[in-house]
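Structure record follows, encoded as structure tokens.
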Amino acid sequence: MLNFDLLSFTLLNDWPILLPIVGSSIVLVMVALNRFSYYKDNQRDLETFVQRWQRELYRANWDTAQQLSQQLGGLVGSVAQEGLQLLQTNRAGFDKAFDITINLAVRRLEKGLNILGTIGTIAPYLGLFGTVVRILITFGEMSKAQTAGSGEIMFGIGSALIATAFGLAIAITAVVANNWFRDKVELFENDFQLLKLVLLSVAESTPISPAAATVQKSVATV
């Protein structure tokens, strides 16, 4: 079990050393809560939507398909709306244009994840740095006293190792959170690719609407 005397001694005397680790933990919590909330707010069940959306698209009911995308909402709904607009106005270059839309959406999903990766990398080193500093301080104090017993030596080393333990705990948490969020991003990417497959299949099998053809013609003329 953790020695609370040891912990209180470390917090009172080594707080400057632990400050970077504490700061990293605060940033970790803030980023994790932000990403969790963002993914939760934008998560959508596409099974029913895609069936209805695809049916309307094959019937060339573009306005209805656009309304379904708006009703879906969230980031996935926004990507679906953008895909419909690109398909109507730039069918020839739809593939590359929609890839740009997907990449921009993925960038929003990945915002902050590099911070978690950085914390997961540097936190053990911050803990190790704190441990080394505390050991040096302990040995310096013992050399001045010249009467240190084995108990005091073990107490000093135990205090030093707390920084390493904190650093490892934060690093493990950051790595687990980063991997979990990356899995979430991959699920969103799969949803985007599903939308792309539907739109590509529609582009190959249905004619473009007259209004969209007029828009494409005017764009090409410009």
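Please treat every number below as a calculation from the coordinates, not as lab data. Please read all numbers here as calculations on a predicted model, not as lab measurements. Positions of Cβ are generated from backbone atoms using ideal geometry, with glycine treated the same way; all protein chains shown enter the neighbour counts.
Things worth noting here:
- Inverse mean reciprocal Cα-Cα distance (Kirkwood Rh) of segment 10-139, Å: 18.5 Å
- With K and R counted +1 and D and E -1, the other residues having a Cβ less than 14 Å from that of Glu110 yield a net charge of +3.
- Net charge, Asp99 excluded, C-beta distance under 14 Å - Lys, Arg +1, Asp, Glu -1: 0
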